[in-house]
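The values are calculated or read from the model by the stated rules, or taken from the named source; none is laboratory data. Not measured: the values here are computed from a predicted model. All Cβ positions, glycine included, derive from the backbone under ideal geometry; neighbour counts span all protein chains shown.
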Amino acid sequence: MLELQGLTKSFRGIPAIKDISFKVAAGEVVGFLGPNGAGKSTTVKIITGMLRPNEGKVLFEGGDVTDDMVGFRAAFGYVPEEPYLYTYLSGLEYLQIEVKATRLLKLLRLESWQYSPISSYSKGMRQRVLIAAALLHDPKLLIFDEALSGLDVDSVRLFKDLLALMAAEGKAVLFITHVLETVEQLCDRVVVIAKGRIVADSRPSELKSLMSLPSMESVFAQLVQQQDTRETANEVLEVMRMSHA
């Protein structure tokens, strides 16, 4: 569904990324992992059309996205790393489509705040608004850049359940993070970038074995009784399928 072919980008002659190539197929969750400054943000900005590469191209469903950037942007949902929002708007005003927005805000535990200005929201609440905005138009491709940042434990579990359901529906997901434990739980494949180049592209189990990193989140979920996020994730998908009329 999404394919990056030889993306290269330099700033003032200094390469930020070099020959970045990988695919995200329909129904696949691909983690994009790397240290700060590795080139993740540059790659994502090129994918979303905020930057143009010096070389290479981005394909979506076989076509160059620059041939129809408006159509491509209508086909993906994006949660950026930094929650830049119009803080003078309420959560409901920001999402605009009232019926679907109201249901999504309720499912994401923002119903009581839907008429309050976003300036009064916590970081986690703002992140949930961004996630709702990315899901609202039921996109084929989802790009999540550190989407779990600021979320509480229940919201993280809901997001994980939702991600699995969306992949099962055939949506393609690019999940950018630096937390290997989360990648292990969520992703079918992991692409690792370092110093602007791809250094690994493999299944998380193989990467975990190589790096010998533990996971504690599943243990925590067993010890603490929490809400049925699977059921809520199914309801979110129902809202996403609603027509705007």
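What the table shows:
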{"item": "Failed item, numbered, when Ile176 is tested on (1) part of a loop (DSSP other than H, G, I, E, B); (2) in contact with an Asp or Glu (Cβ under 9 Å, 6 or more places away or on another chain); (3) more than 24 Å from Arg241 (Cα to Cα)", "result": "(1)"}
{"item": "Matching residues in the stretch 15-54 - criterion: being on the phi < 0 side of the Ramachandran plot, surrounded by 14 or more Cβ atoms within 10 Å (Cβ to Cβ) and among the charged types (D, E, K, R)", "result": "Lys18, Lys23, Glu28, Lys40, Lys45"}
{"item": "In the stretch 103-142, residue modelled with the highest pLDDT [restricted to those that are touching a Leu at 6+ places or on another chain (Cβ under 7 Å) and polar (S, T, N, Q)]", "result": "Gln127"}
{"item": "Helices (runs of 4 or more DSSP H) wholly inside the stretch 184-245 containing at least 1 residues that are touching a Cys at 6+ places or on another chain (Cβ under 6 Å), surrounded by 14 or more Cβ atoms within 10 Å (Cβ to Cβ) and at pLDDT 60 or above", "result": "204-211"}
{"item": "Per-region count, the stretch 9-54, residues part of a loop (DSSP other than H, G, I, E, B), in contact with a strand residue (DSSP E or B) (Cβ under 6 Å, 6 or more places away or on another chain) and among the aliphatic types (A, V, I, L, M)", "result": "2"}
{"item": "Within the stretch 95-119, tally of residues that are surrounded by fewer than 19 Cβ atoms within 10 Å (Cβ to Cβ) and assigned to a helix (DSSP H, G or I)", "result": "8"}
